[in-house]
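What follows draws every value from the coordinates through simple rules; no lab data is involved. None of the values given here were measured: they were computed from a predicted structure. Quick reminder, even Gly has a Cβ in these numbers, built from the backbone with ideal geometry, and neighbours come from all protein chains shown.
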C-alpha cells in the first residue's frame with residue numbers, strides 16, 4: 001500500500017485540493033499521512049467552505065448568513081463533502097509535525113494549495129518544507145503539486161545546484177488568468193479586503209501579475225516555455241479555461257494537468273479529481289521495496 005505525505009498549513013489551505021486528493025487516494029487504496037506545523041489538526045479556508053464572507057454585505061451582522069455570491073464562489077458540493085469526510089478521518093485528526101517528516105518513510109508527496117495569505121504564507125515560506133520537497137525530488141519520488149502547491153515546489157532550492165527543483169521541468173500552476181479573474185471578483189464582493197484572492201501582491205513599480213503564482217513559478221524554470229497552460233486549440237479548451245467548470249471522477253474534460261516524469265502539476269480546485277487519479281496511477285508504478293530475502297535452501301540441505 002503506497003503511503004502519501006500531504007503537508008498543510010495550520011489554516012487556510014484549499015478544502016477541495018486537500019479533501020478531494022485525500023478522498024480519491026484513499027478510495028484507490030493509498031495510505032495518507034498529514035503533516036502540520038505543530039502536529040495539531042489543521043483547518044481549511046472556511047470562506048471557501050461556507051461562502052460566508054464572500055458577499056458585499058458580509059460585514060453587516062446577521063446579513064452575513066445570507067449567502068448569494070458566496071454559493072457560486074465557494075467549493076462545490078463534491079469538494080465540501082470530501083473535506084467534511086477528511087477532517088473526521090484518523091489520519092487528519094492525528095497529523096505529524098513538519099519537523100518530524102522523514103521523506104524516506106513515504107512513497108509520494110502531494111502539495112495542495114490555497115490562496116489566503118493569512119495562513120498560506122507559513123506553508124509557502126517554510127524552510128522545513130523546502131527541504132522536504134528537495135529531498136523528494138532527489139529521490140525521484142512521485143511528487144504532485146496543485147495551485148499554490150506548485151509555488152512551494154518552485155521555491156524549494158536544491159543546494160547542490162542552487163536552482164529550484166522545478167528547473168528543467170515542465171509544469172503548470174494556478175495561472176495568472178485564473179488568479180486575476182478571482183482577484184477582480186474579490187475586489188467587488190470583498191471591497192474592504194481587496195486582495196483576499198492574492199497571496200502576494202505587486203510592489204510599486206512591478207508590472208501587473210509579477211507576483212502571481214504563474215509569474216514566480218515561471219521565473220524558477222529553465223525556460224519560460226516550460227510553463228504550460230491550456231492552448232486555445234486544445235480539445236475542450238473552453239471547459240478548461242473559464243474557471244467555472246470543475247472536473248469529477250466521471251468527467252475529466254474541464255481538467256488540465258501536466259506530468260513530467262515523476263512530477264505532476266495542476267492549476268486549481270477544478271482539476272482536483274483528475275490530478276489525484278493520475279497521481280494514484282503514478283504511485284502504482286513505483287517499484288515495491290524488496291521483501292525479506294528467501295532462505296538459502298542449499299545451505300540447509
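In plain terms, the chain from residue 31 to residue 203 could stretch by 57.7 nm, reckoned as 0.36 nm per residue minus the Cα-Cα distance.
If you split all Cα-Cα distances of region 152-221 into 10 Å bins from zero, what percentages do you get per bin, shortest first? Each 10 Å bin holds this share of Cα pairs: 19, 42, 27, 10, 1. Summary value for region 187-254: 14 percent relative contact order, contacts being C-alpha pairs under 8 angstrom separated by 6+ residues.
Need one number: % antiparallel among DSSP beta bridges in region 3-300, to the nearest 5. Roughly 25 percent of the beta bridges in region 3-300 run antiparallel, per DSSP. The label point for residue 57 and the one for residue 184, both projected 7 Å from the Cα toward the Cβ, are 2.6 nm apart. For the peptides 141-148, 260-267, the ranking by mean Cβ contacts within 10 Å, running from highest to lowest, is 141-148, 260-267. Distance between the pseudo-spin-label points of residue 236 and residue 77 (7 Å out from Cα toward the beta carbon): 2.0 nm. Under a Gaussian network description of the chain, with springs only between Cα atoms under 10 Å, the residue in 155, 59, 169 that fluctuates furthest is 59. When each pair of different Cα atoms in region 57-103 is counted once in the 1/r mean, what is the Kirkwood radius in angstroms, to one decimal? Result for region 57-103 stands at 13.9 Å.
Which angle between 0 and 90 degrees, to the nearest 10, do you get for helix 176-189 versus the longest principal axis of the chain when only C-alpha atoms count? Taking Cα atoms only, the helix is inclined about 40 degrees. Based on DSSP H segments of at least four residues, each scored -39500 (n - 2.57), the chain has a per-residue ellipticity at 222 nm of -9500 deg cm²/dmol.
Between residue 253 and residue 284, the distance separating the two model label sites (each 7 Å from Cα on the Cα→Cβ line) works out to 2.5 nm.
I need the calculated FRET efficiency for the pair residue 122 and residue 211, taking r as the beta carbon distance and R₀ as 25 Å, to the nearest 0.05. Once the sixth-power term is evaluated, E becomes 0.90.
Rg/Rh, computed from the Cα trace of the chain with Rh as the Kirkwood radius, has the value 1.00. Once the Cα atoms are used to define both axes, helix 272-284 deviates from the longest principal axis of the chain by about 10 degrees. Between residue 193 and residue 131, full extension at 0.36 nm per residue minus the direct alpha carbon distance yields a gain of 19.0 nm. Structure remark: mean-square fluctuation, Gaussian network model of the chain, C-alpha springs under 10 Å; the largest value among 138, 219, 23 belongs to 138.
Quick one: compute the contact order of the chain, relative version, from alpha carbon pairs under 8 angstrom and 6+ residues apart, as a percent. RCO, the chain: 19 percent.
Can you tell me the orientation of helix 127-138 relative to the chain, as the angle in degrees between its alpha-carbon axis and the longest Cα principal axis, to the nearest 10? Around 50 degrees separate the two axes. Residue 10 label point, 7 Å along Cα→Cβ, cut-off 15 Å on backbone N: hits in region 22-65? Only 36-45 pass the distance filter.
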